[in-house]
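Enquirer: Attaching a single structure in structure tokens format; questions to follow.
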């Protein structure tokens, strides 16, 4: 045992002294999810495109090359359904989705169709003129056509048995929607996908819809997530960063008294998707981060939406870290840093028939954000939450977040969610979480 330990240390020292050796020894494209690492390791595990033939291994530098790689090297794709042949795609550098086929940038004006302009839309559907009913008519139809034109560029469909990884820590996907979508009711129709080591920036909708019935004041609602899962299983999302740079909410205007919101989710898992592990990612400065289960009426989600979240950073998010309906979701060793009292809503959303098992998560907050705000009830009834530390990195200062919530809210939430997780490699003591997540999450050099 002592000889083996010494050998391990020696290999690590060599790798640190000689990075090129370390890089040659590691190939993210062929790596698979470790056994027992969350729900995505159940049954067949998640191997992505690790078994790809040589002619299905690609290095891509722009949108056209990426779309071609997802379709057996063919562009334009022969159908809207991406290839399920095992493939490994290495992303080298920055890829912008809002471009033409010659990689020339497109602005929102390039997508406008049928006479749509924002100015005309604002004039037509001003609540003072239009009233509090949903927009309809030719101008709303023009908005939809314009949105569909943008969707045709930013929507990148991902097939089964696929691994997409960034080359080094600076590989960037800007403005894209990775749409992982199977066939409703057909198990395994989209399966076995790995997405790692990428930065997803500025997934934005040029043409949000005004909904005056959304809340008391109305809201602007947009399409496109950075990554969305529908009717998919065995997906591993690991060591990525999600953020808004050029389209950060702080840069957006206000119309009809509401933020002109051009963002939707960052990683949404809905429509009976199942067996997903989300690990070591950084979610930064975004409002709606992760929706697990799209609707209270989506009863086909029962016994699905089994998701593990561990060692993720949720910094200055507004909500949905995650919001859960129906699913059994294990949330452990994550680092939450809510900072803005006015924009922060909650971290853990307890939706219909949800069963969140949260343990050993660390919250670092401003004094104004109290622990009763970490969770919110959204027609759910129970959440298990234990081992939470708030600001103090000592296990002698565990905060009973559920008790804090129940003290100021009615009705109470139960702590019994009816299950106990077994699929994990190691649950670290909570006091170690900030340093572990800060040092190990997000893209890395390899």
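Only the coordinates and a few stated rules stand behind these numbers; no lab work does. No experiment lies behind these values; they were computed from the predicted model shown. Positions of Cβ are backbone-derived with ideal geometry, glycine not excepted, and every protein chain shown enters the neighbour counts.
Enquirer: What FRET efficiency, computed as 1/(1 + (r/R0)^6) with R0 = 41 Å and r the Cβ-Cβ distance, is obtained for residue 119 and residue 381, rounded to the nearest 0.05? Present the calculation step by step, with values, prior to reporting the outcome.
Expert: Values: r = 47 Å, r/R0 = 1.14.
The calculated FRET efficiency here is 0.30.
Enquirer: Fully extended, how many nm does the chain gain between residue 92 and residue 400 (0.36 nm per residue separation, minus their Cα-Cα distance)?
Expert: Values: separation 308, 0.36 × 308 = 110.88 nm, distance 4.51 nm.
Length gained between residue 92 and residue 400: 106.4 nm.
Enquirer: Using the C-alpha atoms of segment 158-294, what convex hull volume per residue, in cubic angstrom, is computed? Show your work: numbers first, answer last.
Expert: Numbers: hull volume 14.8 nm³, N = 137.
Given the Cα convex hull of segment 158-294, per-residue volume reads 108 Å³.
Enquirer: Need one number for segment 355-446: average projected area of the convex hull over its C-alpha atoms, nm².
Expert: Details: hull surface 30.9 nm².
About 7.7 nm², averaged over all directions.
Enquirer: Grab the Cα-Cα distance for residue 370 and residue 428, subtract it from 0.36 nm times how many residues apart they are, and report the gain in nm with one decimal.
Expert: Details: separation 58, 0.36 × 58 = 20.88 nm, distance 2.41 nm.
Gain on extension, residue 370 to residue 428, equals 18.5 nm.
Enquirer: How much length is gained on full extension from residue 80 to residue 297, taking 0.36 nm per residue of separation minus their Cα-Cα distance?
Expert: Details: separation 217, 0.36 × 217 = 78.12 nm, distance 2.81 nm.
So the extension gain works out to 75.3 nm.
Enquirer: Next up: Taking 30 Å as R0, compute the FRET efficiency from the Cβ-Cβ separation of residue 341 and residue 221 and round it to 0.05. Spell out each step's value before the answer.
Expert: Details: r = 24 Å, r/R0 = 0.81.
About 0.80, to the nearest 0.05.
Enquirer: Let me have the 222 nm mean residue ellipticity of the chain computed from DSSP H runs of 4+ only, each contributing -39500 (n - 2.57), with the sum over all residues rounded to the nearest 500.
Expert: Numbers: 9 runs with 79 residues, N = 446.
Only helices count here, giving -5000 deg cm²/dmol.
Enquirer: Using just the Cα positions, wrap the chain in a convex hull and report its mean projected area in square nanometres, one decimal place.
Expert: So the Cα hull casts an average projection of 23.5 nm².
Enquirer: If I model a spin label at residue 103 and residue 55 as a point 7 Å from the Cα along the Cα→Cβ vector, what separation in nanometres do I get?
Expert: Distance between the two pseudo-spin positions: 2.5 nm.
Enquirer: Under the definition of Cα pairs under 8 Å and six or more residues apart, what whole-number percent is the relative contact order of the chain? Walk me through the numbers before you get to the answer.
Expert: Working: 1184 pairs, mean separation 54.0, N = 446.
Relative contact order here is 12 percent.
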